[in-house]
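Here the structure comes first, spelled out in structure tokens, and everything after it is commentary.
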Amino acid sequence: MAITTTSSEALVTLLQRAEALGAHGLSFQHIALCPTRAWLHFHRLDCAHLNRHMQLGLLLHERSADSLIYGLYGLAPDRVDWHQREVSEIKKSRSHEAALVNQLLFYVAALTVATGQTWRGILRYTTSRRTKSFALDETAIQQLQQSLTALDGVVQLSSPPLRERKSVCRGCSYALLCWGESTDDEDD
């Protein structure tokens, strides 16, 4: 899909707003998962280093991260193929896929604007060895705009939004902060 002039302008505006707010790819994942999690992450209240699932994710990221991308809108994708114009996120499983897609689409948008070329995103699942491809279209741009608006509203709050028990809480690295519960001994 070719990016239209209108879409291109919308992407530039989106990325300028994200940069002004200090939002990055993980912010887009968090707001899709849970407003409380988004607020805690944005305000740097974190227990991720204590969670074995997050430790595994960080290890996967370190093994595959492309160091040439850091600094561009705070991007830290797992893999960038500059020749194929593909940006990938490597995940253990498909749980909470909509949030993963939100993060990936932000990376696709940033690279599309930065290079002036159309990029696509790929989710790579290590346990099933499957991949799923995503393109930036009008629906995806609207989704990113809505996510950024929601994120902006949440992070402006003086305290985290009221927590709400969700399926994501079971393995969340923020469960200790929200519920006083460790997730270290639980498997997904």
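Here is a check on your reading of the model: is Leu100 farther than 19 Å from Thr5 by Cα and surrounded by 14 or more Cβ atoms within 10 Å (Cβ to Cβ)? Spell out how you get there, then give the answer.
Working: farther than 19 Å from Thr5 by Cα: yes; surrounded by 14 or more Cβ atoms within 10 Å (Cβ to Cβ): yes.
Yes: the conditions hold for Leu100.
Return the residues of the range 105-120 that are within 11 Å of Leu144 (Cβ to Cβ) and in contact (Cβ under 8 Å) with a residue 60 or more places away in the chain; say none if nothing qualifies. So that I can check it myself, show each step before the final result.
If we filter the range 105-120 for residues that are within 11 Å of Leu144 (Cβ to Cβ), which is where we start, we get 105-110.
Of everything in the range 105-120, those that are within 11 Å of Leu144 (Cβ to Cβ) and in contact (Cβ under 8 Å) with a residue 60 or more places away in the chain turn out to be Leu105, Phe106, Tyr107, Ala109, Ala110.
Residues that are modelled with pLDDT of 90 or more: which helices (runs of 4 or more DSSP H) entirely in the range 1-76 hold 2 or more of them? Explain how you work it out, then say what you get.
Values: elements: 5-21, 25-33, 35-42, 52-64.
Ranges flagged: 5-21, 25-33, 35-42.
Are any residues in the range 72-121 aromatic (Phe, Trp, Tyr) and on the phi > 0 side of the Ramachandran plot, and if so, which ones?
Kept after step one, since they are aromatic (Phe, Trp, Tyr), are these residues of the range 72-121: 73, 82, 106-107, 119.
The answer is Tyr73, and nothing else.
Would you check which residues across the range 140-172 are part of a helix (DSSP H, G or I), modelled with pLDDT under 95 and surrounded by fewer than 13 Cβ atoms within 10 Å (Cβ to Cβ) and list them?
As a first pass, look at the range 140-172 and keep what is part of a helix (DSSP H, G or I): 140-155, 167-171.
Within this subset, residues satisfying the condition of being modelled with pLDDT under 95 are 167-171.
Hit for the range 140-172 is Ser167, nothing else.
Do the conditions hold for Val113, that is, is it closer than 18 Å to Leu26 by Cβ and either β-branched (Val, Ile, Thr) or assigned to a loop (DSSP other than H, G, I, E, B) (or both)?
Numbers: closer than 18 Å to Leu26 by Cβ: no; either β-branched (Val, Ile, Thr) or assigned to a loop (DSSP other than H, G, I, E, B) (or both): yes.
The answer is no for Val113.
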So Leu123 ticks every box in (1) touching a residue at least 40 places away in the same chain (Cβ under 8 Å); (2) part of a strand (DSSP E or B) but one. Which box is left unticked? (1)
Taking only pairs six or more apart or across chains, which ones have beta-carbon atoms under 8 Å, a first residue in the range 30-43 that is within 9 Å of Arg163 (Cα to Cα) and touching a residue at least 24 places away in the same chain (Cβ under 8 Å), and a second residue that is crowded, with 22+ Cβ neighbours inside 10 Å and among the hydrophobic types (A, V, I, L, M, F, W, C)? Cys34/Cys172; Arg37/Cys172
Yes or no: Ser128 surrounded by fewer than 18 Cβ atoms within 10 Å (Cβ to Cβ), of a type in the set (S, T, N, Q), without any contact (Cβ under 8 Å) to a residue 60 or more places away in the chain and in contact with a Gly (Cβ under 8 Å, 6 or more places away or on another chain)? no
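Take the residues of the range 132-158 that are among the polar types (S, T, N, Q) and in contact (Cβ under 8 Å) with a residue 12 or more places away in the chain: which is farthest from Ala18 (Cα to Cα)? Step through it out loud before you land on a result.
Start the filter on the range 132-158 by keeping residues that are among the polar types (S, T, N, Q), which leaves 133, 139, 142-143, 145-147, 149, 156, 158.
Retained after the next criterion (residues that are in contact (Cβ under 8 Å) with a residue 12 or more places away in the chain): 133, 143, 145, 147.
Working: Ser133: 24, Gln143: 14, Gln145: 10, Ser147: 10 Å.
Filtering first and then ranking leaves Ser133.
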Whether any residue in the range 82-89 is closer than 18 Å to Ala18 by Cβ and either aliphatic (A, V, I, L, M) or assigned to a helix (DSSP H, G or I) (or both) is what I want to check. yes
How many residues are closer than 14 Å to Leu11 by Cβ and among the hydrophobic types (A, V, I, L, M, F, W, C) if we restrict to the range 83-137? 11
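The values are calculated or read from the model by the stated rules, or taken from the named source; none is laboratory data. Please read all numbers here as calculations on a predicted model, not as lab measurements. FYI the Cβ positions are ideal-geometry reconstructions off the backbone, even for glycines, and counts take in every protein chain you see.
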